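Peer 1: What follows is a single structure, and I will ask about it in a moment.
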Amino acid sequence: MQAGTPLLEVKNLRVEFPTRRGTLVAVDDISFSIAPGEVLGVVGESGAGKSLTGAAIIGLLEPPGRVAGGEILLDGRRIDNLPYEKMRRVRGKEIGAIFQDPLTSLNPLYTIGRQLTETIVTHLDMTEAAARDRAIQLLQDVGIPAAERRIDHYPHQLSGGMRQRVVIALALCANPRLIVADEPTTALDVSIQAQIITLIKRLCREHGTAVMLVTHDMGVIAETADRVAVMYAGRIAEIGPVRDVIRRARHPYTEGLMGSIPKLGNVQARLAQIDGAMPRLTAIPQGCAFNPRCTKVFDRCRTARPDPIDVGDTKVACWLYDQAGKAAAE
Amino acid sequence: MIAFVIRRLLQAVLVMMAVGFVAFSLFAYVGDPVSIMLGQDFTEETRQRLVTDLGLDKPFFVQYFNFLVNAAQGQFGISYRLARPVTDLLMERLPATLELSFCAATLALAVGVPMGVYTGLNRDTWISRLLLTVSLVGVSLPTFLIGILLILVFSVVLGWLPSFGRGTTVALGWWTTGFLTPTGLRALILPSITLALFQMTLIMRLVRSEMLEVLRTDYIKFARARGLHNRAINFGHALKNTLVPVITITGLQLGGIIAFAIVTETVFQWPGMGFLFIQSVSSADVPVMAAYLLLIAFFFVLINLIVDLLYYAVDPRLRIDRGAAGGHGH
Amino acid sequence: MDVLRRALDSDIYYSFRRSPVVVVSAIVTVLFFAGAIFAPLISPQNPFDLRQLNLMDASLPPAWMPDGLPQYPLGTDTQGRDVFSTILFGSRISLLVGILSVVFAMVLGIGLGLLAGYLGGTVDAVIMRIADVQLSFPAILIALLIDGVARIVIPRELHHEIAIYVLILAIGFSGWVQYARTVRGSCMVEKSKEYVQAARVIGRHPVAIMLQHVLPNVLGPVLVIATIHLALAIITEATLSFLGVGVPPTQPSLGTLIRIGNNFLFSGEWWITVVPGLALVIMVLAVNLLGDWLRDALNPKLR
């Protein structure tokens, strides 16, 4: 499907939260990969496990959450079981991160310059002065006007959009090969969202950085991603090239998701909606997790859980595409 | 900066006026100073003269004003109990109280802050659990009981340290110090520990909970995602942000030390202002009570002022254009 | 039955059951309350009935020491009073003063907090300013001052009789600020919500409807403050009594007992002061542990 070796490979990842009422499986046996320079969008409702997948990749799952199975490989090297110090050197240097809320991602007591230079000096062999020059360069790259002056400002002196640009600059400090961006535009004004998305897209093209873009906004995915993974209740429902998934959604859940996006020039009277809500982690139904809400449900969906099945360039976790299974159902 | 200081100074003056009002009310209306000062035998003539001398025939606000003017000059009248000028009594005892409070405050901060940082950073080690349990015992131990137990062990049973008094003091001008003689230093040990212990545990618990609070923030998570060294995150980012609330509350705690000196001085018969105050309360010596109250209020206001200035130095959000900083409450 | 089952299944009960320290604290607290309430029934001796005292039995050490007698498990003081009995009666006074002053502070604080939060404006500013100023003075100093003034204003004979109530007011008044702040905060949040506006439209008094919504919201935090405040109030009472400005010697609290016993520290009768001291610490520690646990249990994000 993709050329060359993948930059990031996630194999059968499982994230668990032990609680007193038993263990919750928040991410259940998911596999995907990201090629160098590729933008993978990850969509899903909140609680689908997409942010946790991102946190697991950068090795910052909040306890008691933990990786309970599977592997995460960066350039063929396992990173999910690295000791803290080794993983620290991966974070920021090889994998950058962008968080949701730029207002709270920056330390209010330090100038943005100090936060940039400390990150640069930590990962690159540079003097303070050289790091400061690089910091100014980065601020210019992310489109902050008068960067020489702005670098000595404190976060509270910048607007939300400006702060998210600083956060992006921080993620790019050491030229990482992958950026995990968790809802990078959700907390921003709609008018600024587009600017930030364009910025991420441009910078990644220029630097050849791959991006895992976690969002619940299908519009952002359509505009930015090369491929897209649709998550539902801790599993991947469908993953494939963004065109295929959007134009020819195969999984009934994806179809529903696409149907809920308003389209310009479409005179369709009503937006489609998916009945019901995603199950809570404590009560995931047997079989396919989507079966109680699925319009095309049949017996097998209620008993056995489908694994991803190759359909063209995409993989779909749905019994509808299992030839033998479908035949049996009919 | 100047506007900030002036505003704080004005507030300080207002607080002093309010406390002065309480002290004055105490002075003028609690008990009957005339009959107390006259004793048993007096004529109506001497009574009238005393009333005029004390200015008690003047209107309320004139009396209040006179009281403030006198107070500002250090004139608080004559102690009913000891028949000496209140100012002299307080000045004789001021060094004892301040030296004790200084030692206790230094001890409480020097031990409490590092313990708080340690237990905040390493929440699950057995040392942290032990410290936390011990600190709860510390909070539950009334100051006077700590003093009694220390006397029992170190003075009565072991006979190592003196159980009362200041030892030999050296006069430096009007100031008497116990720092310069071996007996003076030995006499400081038990009272300082007694006074420090309660505040120490409070400071430790406070620093710990603030540290935990800060470690949960997005900017600390983002600092980890940037791959900064643990040392830089814990002692650079987290500790500095912890400082802001810690400074405020530690300031209040220092005020507490001066107040609890009353208890410690009583247990150790330490010749300080607190011991004088408690004797005055028992014997209704109003001038001493009023003067002590004003002096203590002055120290509190001074500490609060210093705290505000420190706060201002640590937090850039206060320094630069407060309007743009938005709602930063504390 | 259903309520009981729900309570037993709740997270709070679970965290209670899981921590042996908390269970022990609860048991100790209950024992102290029971001991205080039933002191006249269970104490071996009425330490204030002079006919029951035997000067021959004065200054006996606790029963486990040589010279100790089994009928005085914790020894006797210099007047032949059974220390165990004086502790039971002393806890009675300590707990009474502690609880009543917490209740007073709670009522005052909640009232002022509601007033400040609901009315806003000048009333709010004045109340919160007073709170700020008061908060910068340690509670013990304020209690000491109120108590000292009362001592001067009220005639001596009368003062002896009402000393306990003066003490309750003094300690209670020194602790209202935290309740007021919590309630005010919650009140401000609720006030801006639409149902309060809606209540006005349909003619219900907004105060009534706010009480209905604010009080349940602040119940948890107020309970936590009250528990920790109880420990502090008991300590404050003991401290004032130790300083000799608390309860009158005719109704000794634990603090008074420690004060009296302190005079005999150097003559070797350490138990007269140490045993009541330990009782005080154990009582306060148990309450503090409960408060600490309650705070964590009601505030899941801290875990």
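Peer 1: Rounded to whole Hz and in sequence order, give me ³J(HN,Hα) for the range B:221-235 from the Karplus expression 6.51 cos²θ - 1.76 cosθ + 1.60, θ = phi - 60°, writing x for Gly and Pro.
Peer 2: In residue order, the calculated couplings are 4, 5, 4, 5, 5, 7, x, 5, 5, 4, 4, 5, 5, 6, 9 Hz.
Peer 1: Relative to the compact-globule scaling 2.2 N^0.38 Å, provide the ratio for the alpha-carbon radius of gyration of the protein assembly as shown. Mind showing how you got there, number by number?
Peer 2: Details: Rg = 34.8 Å, N = 963, 2.2 N^0.38 = 29.9 Å.
Normalised by 2.2 N^0.38 Å, the Cα Rg of the protein assembly as shown equals 1.16.
Peer 1: Other chains near A:85-96: what is the mean number of their Cβ atoms within 10 Å of each residue's Cβ?
Peer 2: Taking all residues of A:85-96 together, the mean is 3.
Peer 1: Please give the contour-minus-distance gain from C:Phe266 to C:Asp132: 0.36 nm per residue of separation, less the Cα-Cα distance, rounded to one decimal in nm.
Peer 2: Values: separation 134, 0.36 × 134 = 48.24 nm, distance 4.34 nm.
Full extension from C:Phe266 to C:Asp132 adds 43.9 nm.
Peer 1: If the cut-off is 12 Å between C-alpha atoms, which aspartates and glutamates fall inside it for B:Lys240, apart from same-chain ones fewer than 8 positions away?
Peer 2: Here the aspartates and glutamates satisfying the reach criterion relative to B:Lys240 are B:Glu210, B:Asp315.
Peer 1: Could I ask something else about it? Over 21 Å between C-alpha atoms is what I'm after, so list which of A:Lys11/A:Lys315; A:Lys11/A:Lys50; A:Lys50/A:Lys315; A:Lys201/B:Lys221; A:Lys86/B:Lys221; A:Lys50/B:Lys221 land there.
Peer 2: A:Lys201/B:Lys221
Peer 1: Then there's this: Return the distance in nm (one decimal) between the two label points of a simple spin-label model at B:Phe4 and B:Glu92, each offset 7 Å from Cα along Cα→Cβ.
Peer 2: The answer from the label model is 4.4 nm.
Peer 1: Specify the angular offset, from 0 to 90 degrees and rounded to the nearest 10, of the alpha carbon long axis of helix A:190-207 from the longest principal axis of the alpha carbons in chain A.
Peer 2: 80 degrees
Peer 1: Quick one: angle between helix B:182-215 and the longest Cα principal axis of chain B, in degrees between 0 and 90, rounded to 10, please.
Peer 2: Taking the Cα atoms of chain B, the angle to B:182-215 is about 50 degrees.
Peer 1: A further question follows. What are the aspartates and glutamates whose alpha-carbon lies under 12 Å from the alpha-carbon of A:Lys296, with same-chain residues fewer than 8 places away excluded?
Peer 2: Partners found: A:Glu255.
Peer 1: Name the residue farthest towards the positive end of the dipole of the range B:93-282 from the options B:Ala261, B:Val244, B:Val139, assuming +1 on Cβ of Lys and Arg, -1 on Cβ of Asp and Glu, about the Cα centre.
Peer 2: Checking the options against the dipole of the range B:93-282, the answer is B:Val244.
Peer 1: Averaged across the residues of C:146-154, what count of C-beta atoms belonging to other chains lies within 10 Å of each residue's C-beta?
Peer 2: Partner-chain Cβ atoms within 10 Å, mean over residues of C:146-154: 5.
Peer 1: Follow-up. Could you point to the residue in C:Gly277, A:Ile196, C:Ala150 farthest towards the positive end of the protein assembly as shown's charge dipole, with +1 and -1 charges on the Cβ of Lys/Arg and Asp/Glu respectively?
Peer 2: Final value for the positive-end residue is A:Ile196.
Peer 1: Relative to the longest principal axis of the C-alpha atoms of chain B, give the angle of the C-alpha long axis of helix B:44-54, reported between 0 and 90° and rounded to the nearest 10°.
Peer 2: It is inclined by approximately 30 degrees.
Peer 1: Hey, another quick one. For chain B, what's the relative contact order in percent, using C-alpha pairs closer than 8 Å and at least 6 residues apart?
Peer 2: On the way: 365 pairs, mean separation 84.4, N = 330.
Reported as a whole number, the value is 26 percent.
Peer 1: Then there's this: Which of the three applies to the range B:43-103, rounded, prolate or oblate, going by the alpha-carbon gyration tensor with a ≥ b ≥ c and a/c under 1.5 meaning rounded?
Peer 2: oblate
Peer 1: With only Lys, Arg, Asp and Glu charged, each at its Cβ (+1 for the first two, -1 for the last two), find how big the charge dipole of the protein assembly as shown is about the Cα centre; round to the nearest 20 debye.
Peer 2: 2140 debye
Peer 1: Shifting gears a bit: Looking only at A:Ala289, A:Ala146, A:Ala169, which one moves most when chain A is put into a Gaussian network model with springs between Cα atoms under 10 Å?
Peer 2: Greatest mean-square fluctuation among the candidates belongs to A:Ala146.
Peer 1: Work out, step by step, the length gained on full extension between A:Asp299 and A:Ala68: first 0.36 nm times the residue separation, then minus their alpha carbon distance; give nm to one decimal. Please list the in-between numbers first.
Peer 2: Numbers: separation 231, 0.36 × 231 = 83.16 nm, distance 3.06 nm.
Full-extension gain reported as 80.1 nm.
Peer 1: Considering amide H positions built from the backbone, and no H for Pro or chain starts, which residues 5 or more places from A:Met231, or on another chain, come under 5 Å of its amide H?
Peer 2: A:Val43, A:Gly44, A:Ala237
Peer 1: About its Cα centre, what dipole magnitude does the range B:93-282 give when the only charges are +1 on Lys and Arg Cβ and -1 on Asp and Glu Cβ, stated in debye to the nearest 20?
Peer 2: 560 debye
Peer 1: Report, in cubic angstrom per residue, the convex hull volume of the C-alpha atoms of the range B:83-200.
Peer 2: Spelled out: Cα convex hull of the range B:83-200, divided by residues, is 138 Å³.
Peer 1: Something else about it: Dimensions of chain A along principal axes (Cα, Å, largest first)?
Peer 2: The Cα atoms of chain A stretch 71, 51, 42 Å along their principal axes.
Peer 1: Given Cα pairs under 8 Å that are at least 6 residues apart, what percent is the relative contact order of chain C?
Peer 2: On the way: 411 pairs, mean separation 66.9, N = 303.
It rounds to 22 percent for chain C.
Peer 1: Once both labels are modelled 7 Å past Cα along the beta-carbon direction, what's the B:Ala171-A:Ser159 spacing in nm?
Peer 2: 7.1 nm
Peer 1: Of B:Gly227, B:Gly256, B:Gly184, which is the most mobile in a GNM of chain B whose springs link Cα atoms less than 10 angstrom apart?
Peer 2: B:Gly227
Peer 1: Now for a separate question. From the residues B:Ser209, B:Ala108, B:Leu26, which one has its Cα farthest along the dipole of chain B in the positive direction, the dipole being from +1 and -1 charges on Cβ of Lys/Arg and Asp/Glu about the Cα centre?
Peer 2: The residue sitting farthest along the positive end of the dipole is B:Ser209.
Peer 1: Computed from the mean reciprocal separation of all distinct C-alpha pairs, what Kirkwood hydrodynamic radius does the range B:93-282 have, in Å?
Peer 2: 18.0 Å
Peer 1: Amide H neighbours of C:Gly246 under 5 Å, counting only residues 5+ apart in sequence or on other chains, H built in-plane at 1.01 Å?
Peer 2: C:Ser241
Peer 1: Same structure, new question: For A:Ser191 and B:Phe61, what does the FRET efficiency come to when R0 = 41 Å and r is the distance between their Cβ atoms, rounded to the nearest 0.05?
Peer 2: It comes to 0.10.
Peer 1: Here's another thing I want to ask about it. Per residue of chain B, what 222 nm ellipticity follows from adding -39500 (n - 2.57) for every DSSP H run with n ≥ 4, rounded to the nearest 500?
Peer 2: Result for chain B: -24000 deg cm²/dmol, rounded to the nearest 500.
Read-outs: derived from the displayed coordinates by stated rules, not from any lab. Everything quoted here is computed from the prediction, not taken from an experiment. Quick reminder, even Gly has a Cβ in these numbers, built from the backbone with ideal geometry, and neighbours come from all protein chains shown.
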